[in-house]
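Enquirer: Submitted below is the structure of interest, expressed as structure tokens.
The values are calculated or read from the model by the stated rules, or taken from the named source; none is laboratory data. This one's a predicted model, so the numbers in the text were calculated from it and none came from an experiment. A quick note on method: Cβ atoms are made from the backbone with ideal geometry, for glycine too, and the neighbour counts reach across all protein chains shown. What goes into the accessible areas is simple: the full protein's heavy atoms, side chains included, and nothing from ligands, DNA or RNA. Shrake-Rupley method; radii C 1.70, N 1.55, O 1.52, S 1.80 Å.
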Amino acid sequence: MSLLLTIAIPVYNVAEYVEKCIRSCYSQNIPVSDYEIIIINDGSTDNSLEICKNLQSEFTSLKIITQKNKGLSGARNTGLKHANGEYVWFIDSDDWIEPNCLKDIYSQLKQFKSDILWIGHDVILNDASYRKFIPNAIDAPISGEELFINHLDNLFYIWKFIYKKEFLTHNKLEFLEGIYYEDLEFTPRALIKAKTCFTIPRVFYYYLIRQGSIASLNNIKNKSINDRLQIIEGLTKLKNDKDVSPSYYKKLQDIILEAYITTIKMSARGKLKLPPLAFQLIKKIKSDNYLIGSNKFDFIIMKINLSIYHSFYKTVYAIISKVKGYA
């Protein structure tokens, strides 16, 4: 009997969090034989692997794959390769899922057989709910294009999507390895190909903001900026994909501009020097007919002089840090 779902969990030095994550995946209201959980130990150097092996004695169906460190994307690709389920849900090992949510997820997957199922999540900060993001309910499956344009709201997180494995493999959709912010790179590329998507307007996923994570504002590094700029460059090329409609093109332009502005501000906040690619991209953005919307002020100043814009925000963030006592 084939499995409907594989839960793939990349693990790298998350000893403090991984047990909660795994236990949440087993605290479900369907038989454990109906789905599989695969741990991809991505070269952990702490005792994360030992914790997973100890849990294996309690949850005998738990599968563990150990590999040399390839990063989050590389671990996800390994999970996809070994997945036996018709659908794959990539869950981060410092997060957790809602108890007894799989029965509802199974019901939707079986009823609509969509390429993608999109779920709600709750952001957890300092052990409390910080903000919930719940998809709008829809009556029937929609295209990936419609999800991208009218529903996504820049929530690119891979773990919000449950993918049909055949959809990923047929379209040769793998995660770009060796980069941060791979969600921003992967999701627009995947949604172009998706024919049917459905939503569940409920919180099924809990996303933990922790110190030292890639997403932390206190963890801005040169690699973070360089990777984001490379992704943005890739998105400018994606606009010319044969499957991109005019509406998708316009939405993608807006996302590129917003991501670029955010990246320049991140660089300023981290007191980092702008790399050459930042100046190459602003020339590209200036030459294209980009949408500006709420970013009109930023767009105008960047077009005039990117260095001045960057220096201005370095000063702003330095003042804010000093006032708050961070510096």
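Enquirer: Taking the conditions exactly as written (hydroxyl-bearing (Ser, Thr, Tyr), under 17 Å from residue 56 (Cβ atoms) and surrounded by fewer than 22 Cβ atoms within 10 Å (Cβ to Cβ)), does residue 2 satisfy them or not?
Expert: Criteria not met by residue 2.
Enquirer: Oh, and also: In this structure, is residue 2 at pLDDT below 95 and of a type in the set (S, T, N, Q)?
Expert: Values: at pLDDT below 95: yes; of a type in the set (S, T, N, Q): yes.
Yes: the conditions hold for residue 2.
Enquirer: In addition: Output the number of residues of region 246-268 satisfying the condition of being free of Cβ contacts under 8 Å to residues at least 60 places away in the same chain, touching a helix residue (DSSP H, G or I) at 6+ places or on another chain (Cβ under 6 Å) and charged (D, E, K, R).
Expert: 1
Enquirer: Separate question: Can you tell me which residues in region 224-236 are more than 17 Å from the chain's Cα centre (by Cα) and either at pLDDT 95 or above or under 28 Å from residue 162 (Cβ atoms) (or both)?
Expert: Within region 224-236, 226, 233 meet the criteria.
Enquirer: Please pick out the residue among 132, 103 that is open to solvent by 20 Å² or more (accessible area, probe 1.4 Å) and closer than 24 Å to residue 185 by Cα.
Expert: 132
Enquirer: Let me ask something else. Which of the residues that make up region 38-85 are among the aliphatic types (A, V, I, L, M) and either in contact (Cβ under 8 Å) with a residue 60 or more places away in the chain or open to solvent by 10 Å² or more (accessible area, probe 1.4 Å) (or both)?
Expert: Passing the criteria: 49, 51, 64, 65, 72, 75, 80, 83.
Enquirer: Now for a separate question. Within region 91-98, is even one residue in a strand (DSSP E or B) and of a type outside the set (Lys, Arg)?
Expert: Checking region 91-98: at least one residue is in a strand (DSSP E or B) and of a type outside the set (Lys, Arg).
Enquirer: Between a residue in region 179-192 that is over 20 Å from residue 114 (Cβ atoms) and any residue that is of a type in the set (Gly, Ala, Ser) and open to solvent by less than 20 Å² (accessible area, probe 1.4 Å), which pairs come within a Cβ distance under 6 Å, given they are 6 or more apart or on different chains?
Expert: 180/224; 182/73
Enquirer: Oh, and also: Of the conditions (1) of a type in the set (D, E, K, R); (2) under 23 Å from residue 254 (Cα atoms); (3) surrounded by 16 or more Cβ atoms within 10 Å (Cβ to Cβ), residue 95 satisfies every one except a single condition; which number is it?
Expert: Here residue 95 clears every test but (2).
Enquirer: Being open to solvent by 60 Å² or more (accessible area, probe 1.4 Å), in contact with a Ser or Thr (Cβ under 6 Å, 6 or more places away or on another chain) and more than 21 Å from residue 5 (Cβ to Cβ): is that true of residue 146 here?
Expert: When the stated conditions are applied, residue 146 does not pass them.
Enquirer: Then there is this: Can you run down the residue pairs with Cβ atoms below 9 Å, 6 or more apart or on separate chains, where the first is in region 86-115 and on the phi > 0 side of the Ramachandran plot and the partner is of a type in the set (Val, Ile, Thr) and not in a helix (DSSP H, G or I)?
Expert: Every condition considered, the pairs that remain are 100/30; 113/196.
Per-residue answers, yes or no, for (1) of a type in the set (A, V, I, L, M, F, W, C); (2) out of contact with any Cys (no Cβ under 9 Å at 6 or more places or on another chain); (3) part of a loop (DSSP other than H, G, I, E, B); (4) more than 25 Å from residue 251 (Cα to Cα):
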| position | (1), (2), (3), (4) |
| --- | --- |
| 107 | no, yes, no, yes |
| 110 | no, yes, no, yes |
| 146 | no, no, no, no |
| 150 | no, yes, no, no |
| 159 | yes, yes, no, no |
| 163 | no, yes, no, no |
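Enquirer: Now a separate question. Take residue 185 and decide whether it is open to solvent by 50 Å² or more (accessible area, probe 1.4 Å) and of a type in the set (Asp, Glu).
Expert: no
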